[in-house]
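Beneath this line is the structure, given in structure tokens, with notes to follow.
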Amino acid sequence: MVVEPPKNVVTALLVRGRTRVWDRPLAVGIAALAAAATVPGAADAQTWGGTLSVVSERVSRGLSLSGDHPGATADFFYRDDRNWALGLGLGTLNPDGGATAEAIVSATRWWQVDDHRTLTLSGAYYDYTGPGAGRLRYSEISIGSLWDGGAWGQWGGTVSLSPDLAASSSRGYAVGHPGATIVELTWHRRLWGALAADVGWGIVSPWGGEGSSYRFANGGLSYTAGAWRFTVSRLYSSVPPQQRWVAGVAWSF
């Protein structure tokens, strides 16, 4: 969102949100607070904004949402001066059939421990429209920790609990709604000027033994120029086993 990210860990680490091609933030609300924190004066007054993005393929936690087709997202946030943020995220899905659109509403509360550490608590609900939307809807609560290691980069970890997330079969199909625990780790480091590297890893573990536990990971580069952000990443998923390149561009306001 800015060529020179602020040193504050909230902006430095969370600014990526859903603008990265690995299309899942800790929660839309976290992306909201990140975007808000980059707006001049955000620390002193209530503010709002958003991000519009286009990607070559929408991939969420290792699973394709757009079915090898390009996708688009629109994220909007409202942040007040009490460390709360509300988020609304909209996204396109696979045009070849099934659910056609995604909407995410979220709320996030964060606590900045010091200049290097931040804790977050988020709740989000994911809704869908179109045929088969009912098997995709779910909610989750996430607890996150963020640490700015200076020259070592920024590190993040999140544990999410969902009581109704659909389990995935070995071929990636949704089966039932047993709920799941999701663990995600991220690393971000500026390499030179506005060029930065991002690495992520995660695992989804369904409850009750239904469906398959699976892992996902990503590694890529991003370049920020003013309100524009350009990304390219290599993504991996173990269910079904697959690797792919994904590129995207985002504009924040």
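Regarding the stretch 202-222, can at least one residue be identified that is in contact with a strand residue (DSSP E or B) (Cβ under 7 Å, 6 or more places away or on another chain) and of a type in the set (Lys, Arg)?
yes
Rundown of residues vs (1) within 16 Å of the chain's Cα centre (by Cα); (2) within 19 Å of Leu165 (Cβ to Cβ); (3) buried (at least 21 other Cβ atoms within 10 Å of the Cβ), yes/no style:
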site: Gly209; (1), (2), (3): no, yes, no
site: Ser212; (1), (2), (3): no, yes, no
site: Gly219; (1), (2), (3): yes, no, no
site: Val232; (1), (2), (3): yes, no, no
site: Pro241; (1), (2), (3): no, no, no
site: Val249; (1), (2), (3): yes, no, no
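Can you tell me which residues in the stretch 178-203 are modelled with pLDDT under 95 and crowded, with 21+ Cβ neighbours inside 10 Å?
Within the stretch 178-203, just Ala180 meets the criteria.
Given the conditions (1) closer than 25 Å to Trp187 by Cβ; (2) in contact (Cβ under 8 Å) with a residue 60 or more places away in the chain; (3) of a type in the set (Gly, Ala, Ser), report the number of the one that Ser60 does not fulfil.
So Ser60 meets the others, but not (2).
Which of the following residues is touching a residue at least 24 places away in the same chain (Cβ under 8 Å), under 29 Å from Trp155 (Cα atoms) and part of a loop (DSSP other than H, G, I, E, B): Asp114, Asp81, Asp96?
The match here is Asp81.
Enumerate the strands (runs of 3 or more DSSP E) found wholly within the stretch 122-241, keeping only those where 1 or more residues are closer than 18 Å to Arg58 by Cβ and free of Cβ contacts under 8 Å to residues at least 12 places away in the same chain.
So the answer is none; nothing clears 1.
If I ask for residues that are more than 17 Å from Leu90 (Cβ to Cβ) and exposed (fewer than 14 other Cβ atoms within 10 Å of the Cβ), which ones from the stretch 108-140 would you list?
Answer for the stretch 108-140, where residues must be more than 17 Å from Leu90 (Cβ to Cβ) and exposed (fewer than 14 other Cβ atoms within 10 Å of the Cβ): Trp111, Val113, Asp114, Asp115, Arg117, Leu119, Pro131, Gly132, Gly134.
Only one residue in Gly219, Gly226 is modelled with pLDDT of 95 or more, touching a Lys or Arg at 6+ places or on another chain (Cβ under 7 Å) and not aromatic (Phe, Trp, Tyr), so which one is that?
Sole residue among the options that is modelled with pLDDT of 95 or more, touching a Lys or Arg at 6+ places or on another chain (Cβ under 7 Å) and not aromatic (Phe, Trp, Tyr): Gly219.
Go through the stretch 69-96 and report how many residues are surrounded by 18 or more Cβ atoms within 10 Å (Cβ to Cβ) and aliphatic (A, V, I, L, M).
Of the residues in the stretch 69-96, 3 are surrounded by 18 or more Cβ atoms within 10 Å (Cβ to Cβ) and aliphatic (A, V, I, L, M).
Which of the residues spanning the stretch 61-88 are basic (Lys, Arg) and under 15 Å from Ala247 (Cα atoms)?
Hits for the stretch 61-88: nothing passes.
The values are calculated or read from the model by the stated rules, or taken from the named source; none is laboratory data. Every value quoted in this text rests on a predicted model; they were computed, and no experiment measured them. Don't worry about glycine lacking a Cβ; one is built from the backbone with ideal geometry, like all the others, and counts go over all protein chains shown.
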